[in-house]
1. Write out the trypsin sites (Lys or Arg not before Pro) in segment 298-346 meeting two conditions: DSSP loop, and at most 13 other Cβ atoms within 10 Å of their Cβ.
2. For segment 169-245, with all protein chains present and a 1.4 Å probe, just round the carbon and sulfur fraction of the accessible area to a whole percent.
3. For 318, 294, write out the residues from largest to smallest accessible area, computed with a 1.4 angstrom probe and no ligands counted.
4. Keeping all protein chains in place, calculate the accessible area per residue for the chain (probe 1.4 angstrom), answer in Å².
5. Using a Cα-Cα cut-off of under 25 Å, which lysines could be cross-linked to residue 437, ignoring same-chain neighbours fewer than 8 residues away?
6. Could you compute the longest span of the chain free of chymotrypsin sites (Phe, Trp or Tyr not before Pro) located in DSSP loops and having at most 14 other Cβ atoms within 10 Å, not counting the site residues?
7. Please identify the trypsin sites (Lys or Arg not before Pro) of segment 217-256 that satisfy two criteria: DSSP loop assignment and at most 11 other Cβ atoms within 10 Å. Which are they?
8. Percent of accessible area on segment 295-434 owned by carbon and sulfur, 1.4 Å probe?
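The values are calculated or read from the model by the stated rules, or taken from the named source; none is laboratory data. Keep in mind that this is a model prediction, so the values were computed, not measured. Cβ atoms come from the backbone with ideal geometry, glycine included; neighbour counts cover every protein chain shown. Protein only, heavy atoms only, side chains kept; ligands, DNA and RNA dropped before computing areas. Shrake-Rupley method; radii C 1.70, N 1.55, O 1.52, S 1.80 Å.
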Amino acid sequence: MGQALWENVKAVLETRVANQTFQTWFQPIKQLAEDQSVLTLKVPNQFFYDWMKSHYGEIILSTLAEVSGRPMRVEYSIVLEDQSELSQPEPFFEPEEPIVRHNGMESNLNEQFTFSNFVEGPNNQFAKAAAEAVVNSKDNNMYNPLVIYGGVGLGKTHLLHAIGNGFHQFNPTKKVMYISSEKFTLDFISAIRENKAGLFSQRYRKVDLLIVDDVQFFKKKERTQEEFFHTFNELHMNGKRIILSTDRPPGEIGLQKRLTSRFLAGLLVDIHSPDFETRVAILRQKSEETGIEIPYDVVEYLATNIESNIRELQGALIRLLAYSSLAKSDINLQLAHKVLMDLTGKIAKPIVSMEDIINHTSETFGVKKDDIYGKGRKQEVALTRQSAMYLSKELTHNSLKSIGLFFGGRDHSTVIHACKTIKLKMDEDDIFNAEMKALLRRLSGPILRT
Ligand code: ADP
Ligand code: MG
């Protein structure tokens, strides 16, 4: 019996999911044991398990029931790297050339970019987990290549360096090389010009981990693509790791088909724009790195106004620090506003904090602030609280969850309910409607209230 059951389940799964999915998520799973009611499977690491279980747990269960003809449970066991493999001595080769050094010219790695200073948020969680899994895994065929894609300034290059640095730390004797695809192209062109194409190939085919950033630049460079295709194959065949980044899904770049299909055979992860909370966390981390305290309202202001690009967010912060030291002025909202105007030339969105909202609402409806935060359910208190929640939803970038937390630790569903109630009441009650409109105007009127 042994492997039989899982092998049979796999055979059915193969017909039901895309080939890439099958290769990535089912092929690495091995059977550990089976009995009447339980099939025990071995998965390679925590990251793999979390993702696979949440996406394919159900299909495995149902296919298993079908194949075995009885209801069965699946138990997963995370078996880290094969111990026997670990205890084998590393084969030792006399290096022909000095090993590419992490901090030397040749690896091109920037030590400043690490996992520990990469702020995790819902936008990059999966990419970061995959990157860490690559670093921690002894199995080079897992997620090879790893392709990270996403828009400008979202942290791809940072993650690539973090992988290189992490890999080097775990494997100090191995060779890592980071290169942008532009540099790869330029080097290749000059190698051809100098009749050194052979040397060029050797250099890249010798590494244990090759990291190529922004492969969309290979577009329309047919010979470079061809060279890279061979480099890729050679490395892949020899069980060396390849990590790539691109600004869009590989299939949409317009590269040669054979290259695209190589990229797609690995693991594809994307990075999105960060949400408000992640932007705040990134700004706080960057300001901590500089050792300069930045008031929270300024952080919130920048995070509200720079939404899509972390590089810009960071640029604004650096500029703010520069302005303040040049002008010997405090870091405050006015200064932040000036920086943003200079930077974007646009009128920034008004900045309203939930505290402002509570102050104004409390005044308008004559309900004490403490009561708004509190638990009281008296009708006018509840209505004032709900109004303030509604205004927070309309005027700030806080999530439902943070609004709930701010208003005395309430649940996000309470906030949803509050917004519905207020909208309904505004439709039905003209006086209330006018009061709310006035509040909205007052709160969103001036760009800066100081
Ligand atoms: P990309 O390569 O996607 O264009 P980068 O990796 O160059 O973006 O990121 C731009 C800047 O933003 C870098 O300075 C990087 O350190 C920073 N950055 C991006 N994402 C994060 C993050 N999650 N945490 C901390 N810094 C980040
Ligand atoms: Mg980049």
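1. In loop regions of segment 298-346 (DSSP not H, G, I, E or B), the sparsely surrounded trypsin sites (Lys or Arg not before Pro) are 328, 346.
2. Whole-percent figure for carbon plus sulfur exposure: 52.
3. Ranking 318, 294 by accessible area, largest first, yields 318, 294.
4. 52
5. Straight-distance partners of residue 437: 349, 368, 369, 378, 393, 401, 420, 423, 425.
6. 94-450
7. Passing both the DSSP loop test and the Cβ count: 220.
8. So the carbon and sulfur contribution to the accessible surface is 52 percent.
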